[in-house]
Amino acid sequence: MSAQYNVSFINPFLAAVIDVLGTMAMVEARPGKPYINARRTAVGDVTGLIGVTGYAEGVISLTLDEKCILRIVSNMLGEDYTKINEEIADAVGELTNMIAGQARAHLANEGMKFQASTPSVIIGKNHTLGHINKQPILSIPFTTPDGNLVVEISLNKAEE
């Protein structure tokens, strides 16, 4: 599946993060250089995960620094959040769903159709999340004025 980690695969995720955060939270996300995560872990303060099936099977995740997600949710909901709580966790799940959904819609236009599960959220200062499958993990980092986030995609072989 790593052969599919090309510009036509990466661009929908870049566009989705920039659009969702810009539209929903008035937060400018600047993409960094995508890379293959050889460590096979995601480190951050809160992660939303969504399973996908169809064209390929795997996981799409969104991991954010605490300061970054607090700013995003504060802007989205018009309240000042100072710690990660249940509302923040719900928002991370919804952001993961919106970003993955927008990217999936663009990928479907390229013939890569995916179905998605309900998002799960993991909270914990500097938690580490091991990806289950053995396929390469595409990491797409972003910076915002209030911290960092990364979208990761790990997919098993495409259907034949």
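Taking amide H as placed 1.01 Å from N in the peptide plane, the amide H of Glu57 sits under 5 Å from that of Asn156, each at least 5 places away or on another chain. Its residue count N fixes a reference of 2.2 N^0.38 Å for the chain, and the Cα radius of gyration divided by that reference is 0.97. Proximity of backbone amide H atoms, modeled 1.01 Å from N, is registered between Ile137 and Asn37 at under 5 Å, excluding neighbours fewer than 5 places apart on the same chain. Here the simple spin-label model places points 7 Å from the Cα toward Cβ, and for Asn75 and Ala116 these points are separated by 1.9 nm. With the charge dipole of the range 7-154 set up from +1 on Lys and Arg Cβ and -1 on Asp and Glu Cβ about the Cα centre, the Cα lying farthest toward the positive end among the listed residues Ala29, Pro136, Met112 is that of Pro136. The phi torsions of the range 95-102, fed into the Karplus equation with coefficients 6.51, -1.76 and 1.60 and a -60° offset, translate into couplings of 4, 4, 5, 5, 5, 5, x, 5 Hz, rounded to whole numbers, with Gly and Pro shown as x.
Summed over qualifying helices (DSSP H, 4 residues or more, each -39500 (n - 2.57)) and divided by its residue number, the chain shows a 222 nm mean residue ellipticity of -11500 deg cm²/dmol. In the range 7-154, Cα pairs under 8 Å separated by at least six residues give a relative contact order of 39 percent.
Projecting label points 7 angstrom from Cα along Cα→Cβ for Asn148 and Asn6 puts them 2.9 nm apart.
Stretched out straight at 0.36 nm per residue, the stretch from Lys33 to Lys67 would grow longer than its current Cα-Cα span by 10.1 nm. Evaluating 6.51 cos²θ - 1.76 cosθ + 1.60 at θ = phi - 60° for every residue in the range 30-37, the Karplus couplings come out as 9, x, x, 7, x, 8, 8, 7 Hz, glycine and proline recorded as x.
For the range 7-154, the Cβ-based charge dipole about the Cα centre amounts to some 640 debye (Lys, Arg positive; Asp, Glu negative; other atoms uncharged).
A cut-off of 5 Å between modelled amide H atoms, ignoring neighbours fewer than 5 places along the same chain, links His127 with Gly44.
Using only Cα atoms and rounding to the nearest 10 degrees, what angle (0 to 90) does helix 66-77 make with the longest principal axis of the chain? Tilt of helix 66-77: around 80 degrees.
Here the spin labels are modelled as points 7 Å beyond Cα on the Cα-Cβ line, and at Thr128 and Thr53 they lie 3.1 nm apart.
Read-outs throughout are calculated quantities, based only on the coordinates presented, and are distinct from any laboratory measurement. Bear in mind the structure is a predicted one, so any value in this text is a computation, not a measurement. Virtual Cβ from ideal backbone geometry, glycine too; neighbours counted across all protein chains shown.
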